[in-house]
1. How about the range 108-124: which of its residues are under 21 Å from residue 24 (Cβ atoms), polar (S, T, N, Q) and not in a strand (DSSP E or B)?
2. Would you please name the residue that is nearest to the chain's Cα centre (by Cα), looking only at residues in the range 59-77 that are crowded, with 19+ Cβ neighbours inside 10 Å and either in a loop (DSSP other than H, G, I, E, B) or of a type in the set (Phe, Trp, Tyr) (or both)?
3. Which residues, counting only those in the range 78-107, are assigned to a strand (DSSP E or B) and either in contact with a helix residue (DSSP H, G or I) (Cβ under 8 Å, 6 or more places away or on another chain) or more than 20 Å from residue 26 (Cα to Cα) (or both)?
4. Could you list, in sequence order, the residues of the range 78-99 that are open to solvent by 40 Å² or more (accessible area, probe 1.4 Å) and closer than 15 Å to residue 22 by Cα?
5. May I ask you to list the residues in the range 23-39 that are open to solvent by 40 Å² or more (accessible area, probe 1.4 Å) and in a strand (DSSP E or B)?
6. Which of the residues belonging to the range 106-117 are in contact with a strand residue (DSSP E or B) (Cβ under 7 Å, 6 or more places away or on another chain) and surrounded by fewer than 21 Cβ atoms within 10 Å (Cβ to Cβ)?
7. Condition first: touching a Lys or Arg at 6+ places or on another chain (Cβ under 8 Å) and within 19 Å of residue 40 (Cα to Cα). Can you find one or more residues in the range 107-117 that meet it?
Amino acid sequence: VQLQASGGGLVQAGGSLILSCAASGRTFSNYPMGWFRQTPGKEREFVAGIRWSGSTYYADSVKGRFTISRDNAKNTVYLQMNRRKPEDTAIYYCAADYSPFGAVRTDTREYDNWGQGTQVTVSS
């Protein structure tokens with residue numbers, strides 16, 4: 001069972017970027033999925049989450065700028081990052097919570113499987 005995150009890179013502030021998280025080895029359509037991010041010296045923080053139904057939940061810092069979505073047929077979760085800011089610079093991780101039909105949770109300890117992370121650097 002693997003989660004493969006991709007789409008990161010060096011980008012300018014204000015533009016858009018889409019991160020992808022492809023799951024293999026297991027069907028994730030019934031599980032909540034989340035995106036988190038981490039910067040050096042800080043704890044990993046919740047960014048966005050999505051339930052099996054498509055309902056979403058966002059951290060206040062990204063609400064209105066980021067959009068999480070999922071394509072269950074492709075076993076893939078996306079994070080569209082609009083109006084990026086330098087403070088969005090971080091390693092972004094996707095994660096799966098093996099709680100069928102569960103709610104989105106923001107605590108990293110509730111997630112059972114993590115991708116390897118993809119670096120996003122936003123220049124001002």
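1. Quick first cut of the range 108-124, residues under 21 Å from residue 24 (Cβ atoms) only: 111-118.
This time we only want the ones that are polar (S, T, N, Q), so: 113, 116, 118.
Within the range 108-124, 116 is the sole residue that qualifies.
2. 66
3. Once the filter is applied, which keeps residues that are assigned to a strand (DSSP E or B) and either in contact with a helix residue (DSSP H, G or I) (Cβ under 8 Å, 6 or more places away or on another chain) or more than 20 Å from residue 26 (Cα to Cα) (or both), the range 78-107 yields 79, 80, 81, 90, 91, 92, 95.
4. Across the range 78-99, the qualifying residues are 78, 80.
5. 24, 38
6. Selection gives 106, 108, 112, 113, 114, 116, 117.
7. yes
Yes/no matrix, rows are residues, columns are (1) without any contact (Cβ under 8 Å) to a residue 12 or more places away in the chain; (2) under 22 Å from residue 8 (Cα atoms):
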residue: 26; (1), (2): no, no
residue: 30; (1), (2): no, no
residue: 40; (1), (2): yes, yes
residue: 44; (1), (2): no, yes
residue: 49; (1), (2): no, yes
residue: 57; (1), (2): no, yes
residue: 63; (1), (2): yes, yes
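The values are calculated or read from the model by the stated rules, or taken from the named source; none is laboratory data. Quick caveat, the model's predicted, so the values are computed rather than measured. Virtual Cβ from ideal backbone geometry, glycine too; neighbours counted across all protein chains shown. Accessible surface is based on the protein model in full, side chains and every heavy atom, while ligands, DNA and RNA are left aside. Shrake-Rupley method; radii C 1.70, N 1.55, O 1.52, S 1.80 Å.
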